[in-house]
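Colleague: Just dropping this structure here.
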Amino acid sequence: MLFEDVQDVIYPKSGYKGKYDVSSRYYHLIMGVFEIRPNTEVLEIADIREDEKVLDLAFGTGWLLNKIVERTNTVVYGIDFSEGMCKVSMENLERNGNLDRTQLILGDVLSMPIKDNSFDVVIGSFILDLLPKNQIKVALEEAKRVLKPGGRAIFVSMTKKGEGLLRSWRLIYEMMYPLWPTILGYRPSSRPIRLSEEVANAGFRITKSKITRTNFFPFPVEIIVCKKEADS
Ligand SMILES: C[S@@+](CC[C@H](N)C(=O)[O-])C[C@H]1O[C@@H](n2cnc3c(N)ncnc32)[C@H](O)[C@@H]1O
């Protein structure tokens, strides 16, 4: 297919962390257009028990953190490398009275300052699809490392899967992808990836999967629940 080969993201030489610091103040608008619907479904499919210790990878504005805190009686952890996002998350958590129930880590999902086998549940929503291809595997390995044996991970990303209307919208997205810097002066980083293959290749056992879509435009999104096998 003509536009099937958007394999990798292209970032400015300066890197892309600064972009999230800048966008942190209006990122809730992007969330509203794209991410709230799939993230709401994540909460249903994740089925978090109140005693589980949870880590949210790349928590952004803290939307999921707030919801997870309400479902657990433990301290909920999150990691994000953007100081701007940390600040906005802290404000959102404080507004909801949840700040003292969370532990935010300013750090990189590719190399987390977290001990092995620490968490029952790791959630990574709209993070794998914005990493360069060679870093997706690294992030998955890190997620597996910090999960307890038998623990589960839930990953969400834009996906190459999806039929009919979803497929058409994906092709539109992929077609537009190289043009966005010219049209918008801004390149959204996420692009559709083969999430289930990446997750399986990293040694997780997939237990549930679902194809859904972003809120406003029906771009296909994949949600995967997978397990770290007790012997891995
Ligand atoms: C697309 S947003 C997703 C936010 C949130 N998970 C959600 O679903 O709304 C991406 C977030 O990933 C963070 N991020 C990107 N690369 C990262 C990395 N290598 N380590 C830690 N955080 C990262 C950004 O700072 C930003 O907050």
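No value in this document is a laboratory result; all are computed from the given coordinates. Treat the numbers as computed from the prediction; the structure is a model and nothing was measured. All Cβ positions, even for glycine, are placed from backbone atoms using ideal geometry, and neighbour counts span all protein chains on display.
Colleague: Find how many whole Å separate the alpha carbon centroid of region 154-169 from the alpha carbon centroid of region 63-135.
Modeller: Each part reduced to its Cα centre gives a spacing of 25 Å.
Colleague: Here is a further query. Could you give the nm distance between label points at residue 207 and residue 22, where each point is 7 Å from its Cα heading toward the beta carbon?
Modeller: 4.2
Colleague: Evaluate Rg over Rh across the chain, taking Cα atoms for both radii and Kirkwood's formula for Rh.
Modeller: Working: Rg = 16.8 Å, Rh = 17.8 Å.
Ratio value, two decimals: 0.94.
Colleague: Here is a follow-up. Starting from 0 in steps of 5 Å, tell me what percent of the Cα-Cα pairs of region 100-232 lands in each bin.
Modeller: Going from the shortest bin to the longest, the percentages are 2, 10, 19, 21, 18, 14, 9, 6, 2, 0.
Colleague: Express the relative contact order of the chain as a whole percentage, based on alpha carbon pairs under 8 Å and six or more residues apart in sequence.
Modeller: Working: 445 pairs, mean separation 51.8, N = 232.
Over the chain, the number comes to 22 percent.
Colleague: Enumerate the amide H contacts of residue 119 below 5 Å, restricted to partners 5 or more residues apart or on another chain; note that Pro and chain-start residues carry no placed amide H.
Modeller: HN-HN under 5 Å from residue 119: 147, 148.
Colleague: Straight-line reach from residue 115: which lysines have a Cα under 26 Å away, not including same-chain ones fewer than 8 places off?
Modeller: Partners within reach: 17, 53, 67, 87, 133, 137, 144, 148, 227, 228.
Colleague: Just need the Rg to Rh number for region 85-154, please, alpha carbons only, Kirkwood Rh. Let's see the in-between values first.
Modeller: Numbers: Rg = 13.5 Å, Rh = 13.4 Å.
Taking Rg over the Kirkwood Rh, I get 1.00.
Colleague: Only residues of region 122-155 count here: report those whose backbone N is under 20 Å from the spot 7 Å along Cα→Cβ of residue 116, or say none.
Modeller: Residues passing the 20 Å test: 122, 137-153.
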